[in-house]
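Participant: Below you will find the structure I want to go over with you.
The values are calculated or read from the model by the stated rules, or taken from the named source; none is laboratory data. None of these values were measured; they are calculated from a predicted model. All Cβ positions, even for glycine, are placed from backbone atoms using ideal geometry, and neighbour counts span all protein chains on display. Please note that ligands, DNA and RNA were not included when accessible areas were found on the heavy atoms of the full protein model with its side chains. Shrake-Rupley method; radii C 1.70, N 1.55, O 1.52, S 1.80 Å.
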Amino acid sequence: MGRSAISSRMNDFVDQMTEAGRWVRDSWNRLSVRRDTGPINDSELLADFVTTRAALVTQKKLYGYLKERIGMRYPKMFADEEFSRSINIAKMQVFAASLADLTIHCVAHVGTDQRLEQGDFNALAVWCYGQGVAANEEQAPNAVTVSRWLSEFGARADKANWHNIAAGASAFTESPKALIRWAPIADEHKNYDREIVENSMRFAWNEVRTEFRERLDAAAVSSDWKSRSKPD
């Protein structure tokens, strides 16, 4: 193959990678991905944290897995409408599971040391999750799916052992399963990848947990929530 042909193929590949990167960027700009560094000292900031960090982890792990598994075909796949549609569905399903896991973890740590009672834990968790879903609802597949997410999370919050989670029990149980389930990858590959992908998702939460621990003012958040939930 001549030098000019190689150069042409390389230029095509770069163009494809640029287009794929633009698709990913545009897609994720519509999901709440943002970083901030200030203290988390009220309910709004707590909800913002769980929403943005759930989106960030979803972005990194879903697109990372797709890129690694698809390889050199990765840029071309974004020109396929069916594949792009499958990615959008996967993105929101993994986000919903990630948001659920992180909300359970964070609310458990807000309410430790008897700062919250069982009803306060549940109400704060359901409110935070609802805020995160509402912020990205236009990306959801349909209203029925949104309703199912909210219902399933409410049932999970009702059953949560908040004190055990705060003491170290993992809340990150659904997002690893969601990543491997919803990623638009052939099942035979998923069967081979399952353990590695799920462990990678669990590991991805470590940085988020550390950041949350460093930024959280649990007394301020719990006080703010209880003041909001008091009857007029």
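Participant: Can you work out the PRE-style zone for His189? Point 7 Å along Cα to Cβ, and I want the residues of the stretch 86-129 with backbone N under 13 Å.
Facilitator: Residues 87 fall inside that zone.
Participant: Take Ala155 and Arg181, extend 7 Å from each Cα along the Cα→Cβ direction, and tell me the distance between the two endpoints in nm.
Facilitator: Spacing of the two 7 Å Cα→Cβ label points: 1.2 nm.
Participant: Hey, got the dipole for the stretch 144-200? About the Cα centre, +1 on K and R Cβ, -1 on D and E Cβ, debye to the nearest 20?
Facilitator: Numbers: 7 positive and 8 negative charges, 41 e Å.
Magnitude of the dipole: close to 200 debye.
Participant: While we're on this one: Keeping every protein chain present and rolling a 1.4 Å probe, give me the accessible area per residue for the stretch 160-232 in Å².
Facilitator: Details: 4400 Å² over 73 residues.
It amounts to 60 Å² per residue over the stretch 160-232.
Participant: Which of the three applies to the stretch 126-232, rounded, prolate or oblate, going by the alpha-carbon gyration tensor with a ≥ b ≥ c and a/c under 1.5 meaning rounded? Walk me through the numbers before you get to the answer.
Facilitator: Working: a/c = 2.30, a/b = 1.44, b/c = 1.60.
Oblate, since a/c reaches 1.5 and b/c is not below a/b.
Participant: While we're here: What is the distance in Å between the Cα centroid of the stretch 113-139 and that of the stretch 157-220?
Facilitator: If we compute the Cα centre of each part, the gap is 17 Å.
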